[in-house]
1. Using a 10 angstrom cutoff on alpha carbons, build the Gaussian network for the chain and name the most mobile of VAL93, VAL12, VAL24.
2. With N residues in the chain, what two-decimal value do you get for its Cα radius of gyration over 2.2 N^0.38 Å?
3. Enumerate by residue number the GluC sites (Glu not before Pro) in the stretch 21-103 meeting two conditions: DSSP loop (anything except H, G, I, E, B), and at most 14 other Cβ atoms within 10 Å of the site's Cβ.
4. Please name which of ILE69, ASN30, SER86 has its Cα lying farthest along the dipole of the chain towards the positive end, using unit charges on Cβ (Lys, Arg +1; Asp, Glu -1) and the Cα centre as origin.
5. Most mobile of LEU25, LEU71, LEU87 per a Gaussian network model of the chain (Cα springs, under 10 Å)?
6. If the elastic network links every pair of Cα atoms under 10 Å, which of ILE57, ILE34, ILE69 fluctuates the most in the Gaussian network model of the chain?
7. Please report, in cubic angstrom per residue, the volume enclosed by the convex hull of the alpha-carbon atoms of the stretch 46-105.
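Rule-based calculations on the coordinates, nothing more; no lab input. Just so you know, these numbers come straight off a predicted model, no measurement behind them. Methodologically, a virtual Cβ is constructed for each residue, glycine included, from the backbone with ideal geometry; neighbour enumeration extends over all protein chains shown.
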Amino acid sequence: MNRIRTGDEVIVIAGKDKGKQGSVLRVLPNGRLIVSDVNMAKRHTKPNPNQGQPGGIIEKEMSIDSSNIMLFNPQTKKGDRVGFKSLEDGRKVRYFKSTDEVVDI
């Protein structure tokens, strides 16, 4: 079970985009994440008339290491550490360590 999943609201804690907030678009198998509007890069592409693609400069999100990301806690308005615990019905859920609030519902 991963600490950060697709769709989670996260905040960047290190790097050139420190302090930016976004949602996780994809989790890659090598421990890296793609977060919306974070770690943007410009790519110069040629037009491809066979596929109908125009040429130009395209901005896209590049991957960022999961160690530079924290899950965003809406109560404290800060990044928070995540732990795991089992509920009474046997489900394993994530929770914020500072407020002891369950992330997964």
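1. Largest GNM mean-square fluctuation: VAL93.
2. Values: Rg = 17.4 Å, N = 105, 2.2 N^0.38 = 12.9 Å.
Normalised by 2.2 N^0.38 Å, the Cα Rg of the chain equals 1.35.
3. Working: sites: GLU59, GLU61, GLU88, GLU101; in loops: GLU88, GLU101.
In loop regions of the stretch 21-103 (DSSP not H, G, I, E or B), the sparsely surrounded GluC sites (Glu not before Pro) are GLU88, GLU101.
4. Comparing the listed Cα positions along the dipole, ASN30 ranks first.
5. Taking springs between Cα atoms under 10 Å, the residue moving most is LEU87.
6. Answer for the Gaussian network model of the chain: ILE57.
7. 182
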